[in-house]
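Here the structure is laid out as structure tokens; the discussion comes afterwards.
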Amino acid sequence: MKKKIKVAYLLDNSNSWIKEYLEKGTLIKENKKYSFKIFTDFRRIKDYEIVFILNYTKILKKNFLKKNLLNLIIHASDLPKGKGFAPLQWQILEKKNKINICLFEAIEKFDSGRIFLKDYVLLKGDELYNEIRYHQSKVIFKMIKFFLKKYPNVTSKKQIGKSTFYKKRYPKDSELNINTSIKKQFNKMRIANNEKWPNFFYYKNKKFIIKIFKSK
């Protein structure tokens with residue numbers, strides 16, 4: 001009997017929105033070709049043929065990458081443009097509705113590995129945080145399915161062009177300006193997480209929190 005290919009998913013407890021979608025789908029169901037396991041502690045992953053690193057916010061060092069055959073990241077930008085943190089949120093703030101997605105190899109040099117696949121998320125411009133993440137997850141899982149179907153007969157290309165970088169976003173970045181219109185700040189409201197980093201503003205030395213929902 002042919003040995004199954006071991007696949008690991010590495011998720012981040014501090015950025016675990018994708019876990020819900022992954023657990024509901026078919027990408028963790030063992031089949032004739034693959035066996036799957038989800039991890040949140042990178043130290044437990046060793047001797048896997050493929051590791052999908054999904055929305056992981058910490059930098060993984062060379063000694064981890066060497067423990068597995070192929071480490072893959074899915075990143076929401078058109079690499080080498082938009083390396084770094086929160087690329088999807090930054091591009092929405094730039095008023096973009098078409099967000100490119102890259103599946104690329106994790107190497108020691110930050111966000112610089114060879115690219116295996118490209119796709120994109122297409123938004124209408126009125127989606128809120130949970131809807132944005134839902135559409136993002138659909139494209140991520142589509143890319144993973146395609147890659148696993150083709151593997152090991154996959155090809156890759158080196159990144160070409162000038163690199164640009166996005167900085168990390170913090171809860172403080174959800175602050176709204178009470179002297180600016182809602183319309184001008186709507187994209188900042190769209191990317192706010194109502195539970196973890198909701199929008200807020202200060203008035204008369206007091207902090208007020210705003211949560212945004214769509215009317216049914």
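The values are calculated or read from the model by the stated rules, or taken from the named source; none is laboratory data. Please read these numbers as outputs of a predicted model, since none were measured by experiment. Cβ sites come from the backbone with ideal geometry, for glycine too, and all protein chains shown count toward neighbours.
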* Among residues belonging to segment 152-195 that are in contact with a Phe, Trp or Tyr (Cβ under 9 Å, 6 or more places away or on another chain) and charged (D, E, K, R), point out the one that is surrounded by the most Cβ atoms within 10 Å (Cβ to Cβ). => ARG190
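Look through segment 25-45, keep the residues that are more than 22 Å from ASN15 (Cα to Cα) and of a type outside the set (S, T, N, Q), and return whichever of them is modelled with the lowest pLDDT.
The initial filter retains those residues of segment 25-45 that are more than 22 Å from ASN15 (Cα to Cα), namely 29-35.
From what is left, the residues that are of a type outside the set (S, T, N, Q) are 29-30, 32-34.
Numbers: LYS29: 90, GLU30: 87, LYS32: 92, LYS33: 94, TYR34: 95.
It comes out as GLU30.
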* Structure fact -> Residues of segment 40-65 being under 17 Å from the mean Cα position of the chain (by Cα) and closer than 22 Å to ILE101 by Cβ, in sequence order, are VAL51, PHE52, ILE53, LEU54, ASN55, TYR56, THR57, LYS58, ILE59, LEU60
* Asked: Could we say that GLY125 is at pLDDT 95 or above and either loosely packed, with under 10 Cβ neighbours inside 10 Å or not assigned by TED's automatic domain parsing to the domain that holds ASN71 (or both) here?
  -> no
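Hey, does segment 93-103 have a residue that's touching a His at 6+ places or on another chain (Cβ under 6 Å) and surrounded by 14 or more Cβ atoms within 10 Å (Cβ to Cβ)? Full working, then the answer.
Within segment 93-103, the subset touching a His at 6+ places or on another chain (Cβ under 6 Å) is 102.
If we keep only those that are surrounded by 14 or more Cβ atoms within 10 Å (Cβ to Cβ) as well, we get 102.
Within segment 93-103 (the criterion being touching a His at 6+ places or on another chain (Cβ under 6 Å) and surrounded by 14 or more Cβ atoms within 10 Å (Cβ to Cβ)), the answer is yes, since at least one residue qualifies.
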* Asked: When you go through PHE186, PHE208, PHE201, PHE165 one by one, which is the residue that is aromatic (Phe, Trp, Tyr) and in contact with a Gly (Cβ under 7 Å, 6 or more places away or on another chain)?
  -> PHE165
* Asked: Assuming PRO152 fulfils every condition listed in (1) in contact with a helix residue (DSSP H, G or I) (Cβ under 7 Å, 6 or more places away or on another chain); (2) farther than 17 Å from GLN89 by Cβ; (3) not hydrophobic (A, V, I, L, M, F, W, C) apart from one, which condition is it?
  -> (1)
* **Out of SER181, SER137, sole residue that is hydroxyl-bearing (Ser, Thr, Tyr), farther than 15 Å from ALA76 by Cβ and either in contact with a helix residue (DSSP H, G or I) (Cβ under 7 Å, 6 or more places away or on another chain) or not assigned by TED's automatic domain parsing to the domain that holds ILE74 (or both)** => SER181
* To do: Residue by residue through segment 31-79, note down the ones that are hydroxyl-bearing (Ser, Thr, Tyr) and under 18 Å from PHE165 (Cβ atoms).
  => TYR56, THR57, SER77
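Can you pull out the residues in segment 60-117 that are assigned to a helix (DSSP H, G or I), in contact with a strand residue (DSSP E or B) (Cβ under 7 Å, 6 or more places away or on another chain) and over 22 Å from LYS142 (Cβ atoms)?
The initial filter retains those residues of segment 60-117 that are assigned to a helix (DSSP H, G or I), namely 62-65, 87-93.
With the extra rule that they be in contact with a strand residue (DSSP E or B) (Cβ under 7 Å, 6 or more places away or on another chain), the set shrinks to 65, 87-88, 90-91.
Residues satisfying the conditions are LEU65, TRP90.
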* Here is a list of conditions, (1) surrounded by 18 or more Cβ atoms within 10 Å (Cβ to Cβ); (2) under 12 Å from the mean Cα position of the chain (by Cα), and HIS135 meets all of them except one; can you say which number that is? -> (1)
